[in-house]
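FYI, it's all coordinate maths here, none of it is from the lab. Computed from a predicted structure; not experimentally measured. Note that we place each Cβ from the backbone using ideal geometry, even for glycine, and neighbour counts take in every protein chain shown.
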Amino acid sequence: MVTNPHLLDAFEREITRTNSLTLNQRFRILDGMYELARTFGHFRHDRVLEGIEHDIEMAKILNENVQRDSH
């Protein structure tokens, strides 16, 4: 849980500024992460909807909390 979002934002800006990557490098990292996840058995076509009920329930709870906090 982030306790100081301003500090996190400053950290992210500093990292981005000092470690800029080209678009091609970013896509290569993303592709590598995707392949690693596939290697460990994620994103299997026979399990695409596995756990979707839980995800939907969590999204409903989070959305209710966001709407309540914004009023």
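Label positions at Asp9 and Arg68, each projected 7 Å from the Cα along the C-beta direction, are separated by 2.5 nm. Divide by every residue of the chain the summed helix terms, -39500 (n - 2.57) for each DSSP H run of at least 4, and state the resulting mean residue ellipticity at 222 nm, rounded to the nearest 500 deg cm²/dmol. Computed ellipticity for the chain at 222 nm equals -23500 deg cm²/dmol.
In terms of its C-alpha gyration tensor, the chain comes out oblate, because a/c is 1.5 or above while a/b does not outweigh b/c. Extending 7 Å from the Cα toward the beta-carbon at both Arg38 and His54 defines two label points whose distance is 2.4 nm.
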